[in-house]
Structures are given as structure tokens and as C-alpha cells.
Amino acid sequence: MIEVIVFATRAFVFSAFFMKKCNFGFKTANSPVAYVVALYSGIHFRMNRTTVFSVMTPLKSVMSASSAWLLDRANRSVHGVHEDFEHHATQPSDRATGFESCSQARTQNIFSILSPRRTIRSFPMPITTSKKHQAEENELPTVFSLLESLQTPAFIIHPDGRSLAVNSLFASCIGKTPDVCIGQNIYGLFVEDCRLSPLAGVLETQCASVLLSGKGGVFEDGNLAWKVTLNPVRSATGAITSLFVSLQDIARPRERSEESLSLQKENITQALDSARAGIWEWEPKTGEFDCFGEVWSIFGIEKKHQSHCIDRFRESIHPDDRERISRLISEPLDTECALDIEFRVAQPDGSVRWIMMRGKPVCRANGGPDRYFGTIIDVTERKQLEEELSQSRVMMEQALKAARAGIWEKDLKNGALFWSDTMWTLFGLDRSRESLTFALWEKVLHPDDRHNAMESAAQAISAGTEMNVEYRICHADGSVRWFMSRGMPVWNEDGGYDRYLGTVIDITGRKLLEQELLESKSVYGYALEAARAGVWEWNLETNENTWDDEMWPLHGLCRNEGLKPSFSLWTDSIHPDDREMAIWGATAAARQQRELNIEYRTIHEDGSIHWLMSRGKPRPDGYGKRVSYIGTVIDITDRKIAEIRLSESKFRFNFALEVTGAGIWEWDVQTDRLFWSDQIWKLYGLESQGSISSHKLFGINVHPEDRDRTFQTITSASKRRVDFSAEYRVCHPDGSVHWLMCRGVPLQSTDKLPGSYLGMIMDVTDRKRAEEERRKSQKQLNLVIEQGDIGVWTIDLRDLKAQRTLQYARIFGYDSVDAEWSLEAFLDHVVPEERETIREKIRQCCKTHLNHTFECKIRTADKRLRWIWVFGTFNYDTSTRTYYLSGIVQDITVRKQAELLLKESEQKFRNIFEFSPVAIGIGDNRGGALFDVNASWLRLFGYSKDEVIGKKLGDLGMYLNTGDHYHIIHDLREHGRVSNRQLELRNREGKTITVLFSAESITIAGQSNMLLMMSDITVQELQQASINQLERAVAERTELLQEEVERLNRFLSMISHEYRTPLAIIRGNLDLIVLKHKGGDYSQQREIDKIKQAIDRLVEVMEVSIQESRLRESSEGLVVTNVQVEPTILSQLEAFRSMWPERVIRYAGQLDGAEIIGEQGQFGMAIFNLLDNARKYSPAESPIELECRVENGEVIITIRNEGKSISSTETGELFEKYRRGSNAANTGGAGIGLWLVKDIIEHHHGSVTLRGTGSGVEAVVTLPLAGNKV
């Protein structure tokens, strides 16, 4: 891109020269255009200081800052030369110095470098032989110096591949000097260098292509990041004599490219040649023609004396121009006007050169021309440049288009603007429809950039400074592109400026790259921050260190101004045990110039220890010397902890294998070789033999009933490369049978063939026995739970809405669960005096996430007062990420009523205890300590209650005979009571009281206590009556409690045994009656049928209720596996047909081995219930249809019957517990079968629906396939 812009700039300068039609004479030698022509044509003018300044200023306006710097260098190179052409014209002795020639080779190579994207045509120039000219030529740049002026590797090669000239940059790339490279095959030099060797073959191919097509080109190698420019160098005849090749590292930033371009232009500016020019004087009267300088050599005439006849010069003019020139010379004589002609002269060597001849007449006093004075300049180079200009103008337009660049100029005097054609295209404007004004540029500017761009441009133009503005342009199609506009004022000789010249470049691509770079930097920064990584740099020469902000906290350091990163600071932060190792690793890597990789610990201020990993790579300088390291530091503490845990886990694993007696195996599926550890041989009851030739041999001891199933599981898993787990029995030689569990996982394999499997085998015989025992226990538990009557509830804590079972609703007095339920609805049923207490308990449960249980009174929907017991637990659903409460509710009204009766009995006992005239006390049966006495006891012995509680009778000193205490305790333990024993005791005052003592062992709150009763002998009859009354009251209440408990037990027993047994007897006898009267006609048939239906209904209700309880219990301990759908359905069909062989079932299944996740028994029960319902509610002669299919990852099971249909409102209600449909008249059932079906299907993450078909009812069950997320 930059090369194209430079070329376009040069071409524009050429165009400016010819468009303005500047004269090329003595008077114009100081003009900027003349200097430019000299720069590109090889003509070297000696200019004064003003001339140089006037030349440099306009050129800066179309170049970048670096290009302007080049021209400043050229300015300084000619600074101090003050001689101009007019001065030389007045000094004939020195007129030869006015024009100097340049060699053909140097001119040719100047164009080779100036025009890297075009075919270079060389042109011949005469070679001067004077010593002065030769000395000045030696000062001019040679081919090598021109190549050296380039800031990129470059060389010139012969068509056969030999190097003719190379610069130092290229030689350094391959590690050689330029003189060594001359004459060697360039492709061989490429092969020798590791960086350039991949480019050798591509370069040779491209060079051959250029030689064949004659056209230069540029190609890029993205892998090597090189851009190669190829240009042919032609001779005067047009033949390609050599190839100019330059290499550019396209990965280098743009600034380095501009620097290279600046140095290149500086060297080019110094490569100027002397102009070949002469001065002449002609007297028309005499025909004498005097000339000075290089006129003789220009015309190819041998200089014999100073004057010649003009005819002698006419003979040198090219025959095609001779007549025209003669006419043009004669016209000024008649008109006395100036002479300005161009013509060709033939040289003695046959070459032809172009001459420009200018002159003015010197008139006589009478008005006629006396003589002519003028100049002759060899303009052969200019003519050649004119031809080149024609091509350059075309190439400039093409280059500007290719570079997406344009040129503009603003006249500050009249405000006029000039845009190149490419400017209109870049801005998306139609030149024919728009007028070029400053407002037009303002119009297409992006609104966000308009103010800044216009203000920057106005400030630069008003201040006469360089303008550099970046802005966006809005095209008519809505697209937006970025542009960079640069410009400089064009200074005049007076030090002012009246024009502003600049370029516009499309930088949209660069802006996009900058945006990507910023995003990449942002991502890189985020990645380092997320990874807790720090970046460091270590200069090996200065030992300086650079850390980013993350390095300090990683090493447990606080960054401050007085603390600078250094090697010693780094080593001081390292754990003492790791410091020496880290220093050695870093210094060793630096000495050997290899990558650095160190892991070490650091101690932070809080005492914590962190593991860090430091990695770095050496970074070379521009000469390939590795002078610094750059790298990162990452906190690997978690990884180290994981490694320690892995080591511990391995130890535990090996220990577990040893303790559990498990064995390890490996199976090569391709070779069918199986390796067993010694423990596996013991598990099979065999002697160790190492490896097994085939996996099938391991099945020798497998139980015959398990062998095929086990092999099928293993073979199927190996074909699919999936994990497998199998449990099977093995028979030991001693006849014992053991259960083994085998698990295997596939190892990684690079091909598509089965790889290897690794696994373990362990003895699970004890577990299998325990599972069998658990199944038996579960059966017994289910039988016990069947008799329970418990409601289940769930509350979603997001909206406090609740789900409940039908039994829950019935506890609260509802017949269904249709009504919406919530926590507030529950609290509304709680009696007002307990409501806030219960609300607070639930709130505390939600806060603490702990289980809760409480008892409370509720008012049911039918206004009955009931006692309930509530248990709840706090749960979290990971699938929906919601918290919820769930639990159970049980009606404990009966128990509470019994407790109330007990409390009433206790209160009556308390009243008797407190107000009885008999002294009564209650004490500990083990030591005799008293914990309660009545008022009569206190009055009898004169103590206060505080003095008695917790004391024994012996502690109070009440026994006159200390042996009485031990006798009483002994009798209570042996017989449980002491009756009417006469004792002598002391009261508080020490008086002796004779009492009739009785005691009995009682149980209070599970503790063994004793009831003590004492009465004064003097009031024995009264005391005895009171005691008898108390005993009767206690006996009555105890009897009432026992009767209540027995009544409850009888009620429970009646459901499980007594209630079913009479029903079975009645049903059996009815069957006998029917059998006896099978062929007869009797009048009681209708009544018998009604009795039988009622019994069937009652039995069915009981069976369904029992089944419901079993289902609930089995759901709590549900063990799910992969269940094949079709075998399960076929087994239920078989059971159905065996029970009702007369019914026709049409089955159509397309399941293809479909599997679901669930429990096979429950799933089969649901299908059977649906088939049974279809049978009950359809005519006996009608068929039942059962269809199964797989669709969208789901199994869809459809069951249809023919008969009375159901309404749309019934489709959802029929799944409620105890709800029956409108078509259930005269049909047995409890209304719980469909509820059970829905409960089972929903436990399997499926759904079940009903709908009326007009001719019957259709049930559809949908279940997800195994493997689908539910």
C-alpha cells in the first residue's frame, strides 16, 4: 500500500511538471519543477539556497512526514552551493560545469528502485570521458549504494539466477557479506537459510514467470510473512537483462515501513546527475555560429576552433527535422521574435539525441536583429521522461485506484478545490452531478466526525502547518469508510503560501485491524485477569525487570513507588526451600538460551503458601541475539492441591482395592487378549495363570443362567465403545456360588477400531444378600404402611402455592383437590389462637432450612374441630433451581381425645392427691427421694414443701427404726407394693407419730416411681375410706384408657383381618349358592347379584387402598433402571388375556427396542389398569385397541375402547382420587385406578390423558426415551 502511494506521488509530480509546461532553460533552473525533473532524469543542477527551499516546500505537501524529512536531507546536501546557471553562462572558461552527464547504468537503477511495480525501460546516454566529469561521477551513487539505500532486503539477479548485486540487509538475512553473495546462485542462498528456504522454490517459479511474461509482480507468503516484489530490467532494445527483487517483512508495523521509505528517498535524492547544456551566439549576416560548453559534444562535432558556420551544425540535424528547423530558424529573422525549437541530432556513433534550442535576438539601432544569444540543452532524457510520463500518468491512476488513494489541492486565494478522479470514487460521488466545493466534502463527512475534521483542517490551513486528519465518509448506499487526509502548504519564494496540497487514503482496513487489535488486547487482558496470570520481562544485559500489576499480588507483595521489580526481589519472595532451585533454573535457562519453566512456592503476609509456575521464552533483538526473556507467572495452587489429592486418591484407591478384595483387568479388544490381576483369579476360585487368550474363557465358571446375558452386555458395549457394568454369579470348584460385579470403561483409541478396556471385578455376594433381606423387609414395611392414612403436601416458596393429595384434602374436610391451595389457605384453617405461632414456626424453618414438626388444631371445611400432626422438610430442586417445603399431615384427633381423657384423669387424680386427708407422697423408686407431697402430708409431719422435695425420709430423720427404710425398698422391688404397714415416724418437732404406711410402684413418664400413703392411726377409718376411693378412681381411669387403646387396636385389626375374613366367607358362600342353583330358576337371583356386587365393590375398594399404600411406599424406595417397553407391554397383554380370554385385543407396536427409565413393575401395573378400565367400560363383544410408537424422542402408547364416551370436562377430573365418570353406572370400581395410573406415569416423568372419541374413550400415555433429559 505504502509503495503504491509513493509511486502515485512521484507520478503526480511528473504530471504537474508537464501540465504547467515549464520552460527548461537558464531562467527556470531554480524552479521546483526543474528540480523534480533533475531528480527523476538524472540531471544534476547546481542551485542556490533559495532554489533548494523552493523545490523542497511543494514536495513536502504531497509526502508523509518521513518523506519530507528525506527532502530536508537533500536540502542540507546542497546547502551552501550558491552558483546558478546565469553565473556560469557569464564564465566561458567554466561553461562545461553547467551540465554533467550520468551513466546509463545508474540512471537505469534509479528507475529500478523508484518504480518497483512497473516494467523498467533503460535508455542510453553518452558517457563522458573528462577527468572532471569522471570525478563527479564517482561521487554519484553506484548500483550497490542505491541498493544500500533501501530499507528492505534487495538484490539484482541475472535471468539464470546468478546474483549481480545485493544489499547488506539481504546479506545479513542469510548470514553472509554482500561480496560473498555476488555471483552465487540466489536460490541456493535461499535454501541455505532456515527462514528463507521455504521461499526458494516459490521465488524461482515466480522469477521464471516474470521472465516469460515480461511483467513484474508482487506475491506474498502468509506463512513466512514476506512480500516479494519482482521487476524486469530491460535494455534499450527492450530485452530483459536482469531482475530486480526486493523482500519486505509484511509483519513489520507501518512505522518501520515509513522509516524505510524515508531512508530510500534520501539516498535517491542524492543520486543527481549533471545537466548537459551549452551557450551559443549566432550572427545571421555572417552565418558565424559561436558556442560554449557542451554544444560540440551535443551535436557530435569535433571542436577545432571557437566559431563555426551554422551550416556545419545544420548537417548534424536529423534529416527528418532538418527542413522544419531551417524554416523555424528563418522565421525569427523576419519577425525578430525569440527562438524556441526542439529537434534531433545524429551522433557520429549513430545514436540520436534530442536538443532544445532557445534564443533571443539582439536588435540593432535601426531595429533589425543583429545577433542571437541562446542556450542548447540535451533534452534526450526529458523526451524519454515525456514518454515515461505518458505511461506514468496511466499507471498513477491505476496505482491510486489500487491503493484507494486520491490527491487534492486547495487554492487559498480563490478557494478553488481540485480532486483527482479517484477522490470522487473514494467518496462515492458522481463528478458529473456534483459541484466541487468545500461544502460537498462537509456534506459526505460522518456526522460524528464532521466538527473535528473541519476544525482540524481549518486550523492547519490557517496556521500553515501539516494536516493529518482521520474521519469517516458516508456513501449514498449507506456504507461508511474510514479515510486519512494529509496535507502541507506550498510555500513560495516570499516565505508565504497560497496553496495547500495533500492526499487522501482509504484506511478502512487499517481501522478494522486496529479495532481487532484493541479487542484482542482486551481479551488478552481479561484472560490474564481471569487466569490470575502476571507478565514479566527480564533484560539479560541490564538485569532490569518489568512486572505488570498482577505480578505483585501473586508474589504476596504490595506495589509502591520505592519498590522496583528486580531479580533479587523475585528471589526474596520465593519460599526458602525452593529459592535455590528457582535461581538455578532461571540462570541455567539464561545461560543456555532456552525456554524457562519453573514451579515454586511463595509465602504471603497472611502466612498462606501459594504455588506459582513461571514460564518464559528468550526474545532476540534485531540482529538475532537473545537479549531478554519475556514470560508469564500463573497461580497453580489449585492444581498442586489437586495433584496432592490425586496422589491421596490413588493411595485410597489402592487401599480400597486391597481392603475390598477387588481385582483389576485389561482387555485388548483387537487381539482379544485379557489380563487379570491375581485377585480376580481368587474371585473366580481359580489358580493364577496371567493373561487369557480369549475373553470368552473367563466365562467358564460363570453361572449358566447368567452366562449369555453377561456376554451379550460386554460384547454390545465393546462394539459401541461405551462403559458397561454387569453382575453375575460364578460357581467355585467347592460348589459355592458367589456374586461378582464387573465394570469396564473404554480407553482412548486413535482409529475407528475397538481399542482396549480397563475395569475391575469385586465380590458383591454380601451386598446381594443384604439386598434380598432389604426386599423382604420392604415388603413387611409396605404391609404395615398400607394401613396408614396420611396426607402429603408440597409448597413452592416462590409463590407459596401448594400441591396436596386427596387424603390431605379430606383431612381438611374437602372431597377433592380442585380448590386452589396455599400456605395462607392452610393457616386459615388453623384456629385463630394458634395461627401466628404456626406461621412463625414455618418462617423459622424457611430461614434455618431445618426440618420442622408441630401439632395444631384446625377447623375443617364442615366446621369440625380436628387435631393434626405436621412434619415438613426444606428442599431444593436442582432442575428448576427452586426451594420448596414438603411433608406429611396426619389426623391425630383420636389420639388427642385419648390424651385429653388421660389429662382429665390425671387432673382428677391431682385433685384427690391435693385434697385427700391422707398424707400422700410420690418419690423415686430407686433411692426413695421425694419429689411431691400433698398438704395432708405436710400438716401431718409439720414440714414445708421446700424442706421435703428432693429429700429422703431417712434424710429428714423420720424413721425411728432405720431398718424400716430398707424393708420398704426391698418389698417394693420384690412385690411392687407395701400395704398397711404400721410404722413409727418422727415429725419436724421430733414427736413420734404412728402411721399406717402403704406404698406401690407406679410408672410416670416412663420412669419407675413409688406412691406413698400414710394416715394417722387415730383416724384410720377415715383414711382407709379415702384410700379406697382414690384406688377406685385410679382403677377406673386406667380401665378407661385401656379400653380406648384396645378399641383403637380392634379397629385397625378389623381392617386388616376381621373385616376381610367375613367378606371372604360371605363371598365364598354366595359362590356356593350360585353353583348349587346354577341350572335352576329361583326368585332370589337378583338379590344375590346385588350382594355379590356390593361385596366385590367393597373388596375392590380394600384392594385398591392397599395397592395405593404399597405404591406410595414403593415410590419412596423406587430403584429405576432401563426398561424395555415392548416386552413389558406384551407381558401385561398376556396376563390380561389369561384373565379375560373372551376379550379381543388388537395390538400394533413399532417400538424397535425402545427403552424408558423407570421401574418395570409399576409401569406394567399402569398399563394393566388402563386395559382393565377399557374392558370395564366397553361391551364384552367389542375389541380393545393398543398402539405403540416412537416419535420425537418419546414413546406414545394409545389404548381405545368402544362404548359410552366421556365429556371434555371429565377428562381431567377422572384422574382424581375416588372420582368416577358418568359412564361408570352399574360398573364396579373405587375411582382410584386412574389416579394410580397418573401417579405412576408422572413418577416416570411422563403424562397420561383421556379424551372422548364419540364411539368410546381413548387413553394416551407419553414417556421420554432413555437418554433424553427429563
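No lab work stands behind these numbers, since they all come straight from the coordinates. Keep in mind that what you see is a predicted model, and the values were worked out from it rather than measured. Every residue, glycine as well, gets a Cβ built from its backbone with ideal geometry; the counts of neighbours run over all protein chains shown.
When you take every Cα atom in the stretch 826-957, what is the radius of gyration, and what is Dmax, the widest Cα pair distance, in Å?
23.6, 73
Which order results if Lys682, Lys410, Lys650 are arranged by neighbouring Cβ count within 10 Å, fewest first?
Fewest-to-most Cβ neighbours within 10 Å comes out as Lys650, Lys682, Lys410.
Using Cβ contacts closer than 10 Å as the measure, can you line up Met1013, Met551 from fewest to most?
Met551, Met1013
Need one number for the stretch 662-763: average projected area of the convex hull over its C-alpha atoms, nm².
5.9 nm²
Once you have the Kirkwood Rh of the stretch 789-891 from its Cα pairs, apply Stokes-Einstein at 25 °C and 0.890 mPa s and quote D in µm²/s.
Translational D for this selection: 177 µm²/s.
Give the shape of the stretch 623-674 as rounded, prolate or oblate, defined through the alpha-carbon gyration tensor: a ≥ b ≥ c are the square roots of its eigenvalues, a/c under 1.5 means rounded, and otherwise the shape is prolate if a/b is larger than b/c and oblate if not.
Note, shape of the stretch 623-674 comes out oblate.
Tally Lys and Arg at +1 and Asp and Glu at -1 over the other residues with C-beta under 15 Å from the C-beta of Glu727: what net charge comes out?
Counting the neighbours of Glu727, the net charge comes to -1.
Step through the residues of the stretch 927-943 one at a time and calculate ³J(HN,Hα) from phi using the Karplus curve (6.51 cos²θ - 1.76 cosθ + 1.60, θ = phi - 60°), rounding each to whole Hz and writing x for Gly and Pro.
Taking θ as phi minus 60°, the curve returns x, x, 5, 8, 10, 6, 9, 8, 5, 5, 5, 5, 5, 5, 9, x, 9 Hz for the stretch 927-943.
Please give the net charge around Arg774, taking every other residue with its beta carbon less than 11 angstrom from that of Arg774, where Lys and Arg add +1 and Asp and Glu add -1.
Result for the neighbourhood of Arg774: +3.
Arranged by the count of other C-beta atoms within 10 angstrom, fewest first, what order do Ser432, Ser944 take?
So the ranking, lowest neighbour count to highest, is Ser432, Ser944.
For the stretch 1124-1183, what class follows from the C-alpha gyration tensor (a ≥ b ≥ c being the square roots of its eigenvalues): rounded when a/c is under 1.5, otherwise prolate if a/b is larger than b/c, else oblate?
Since a/c reaches 1.5 and a/b is larger than b/c, the shape of the stretch 1124-1183 is classed as prolate.
Over 31 Å between Cα atoms, which of Lys857/Lys951; Lys521/Lys625; Lys776/Lys847; Lys908/Lys951 qualify?
Long pairs (Cα-Cα over 31 Å): Lys857/Lys951; Lys776/Lys847.
Using only alpha carbon positions, build the gyration tensor of the stretch 455-561, then give the equivalent ellipsoid semi-axes as the square roots of 5 times its eigenvalues, largest first, whole angstrom.
With the √(5λ) rule applied to the stretch 455-561, the semi-axes are 45, 23, 11 Å.
Using only the Cα atoms of the stretch 583-671, build the gyration tensor, take square roots of its eigenvalues as a ≥ b ≥ c, and label the shape rounded, prolate or oblate: rounded if a/c is under 1.5, else prolate if a/b is larger than b/c, else oblate.
Oblate, since a/c reaches 1.5 and b/c is not below a/b.
Which number comes out as Rg/Rh for the stretch 908-1031 once both Rg and the Kirkwood Rh are worked out on C-alpha atoms?
Rg/Rh: 0.92.
Write down, largest first, the equivalent ellipsoid semi-axes of the stretch 531-641 in whole Å, where each equals the square root of 5 times an eigenvalue of the alpha-carbon gyration tensor.
Semi-axis lengths for the stretch 531-641 are 23, 16, 13 Å.
Considering every pair of different Cα atoms, what Kirkwood radius, in Å, is found for the stretch 1118-1264?
Its Kirkwood hydrodynamic radius stands at 15.5 Å.
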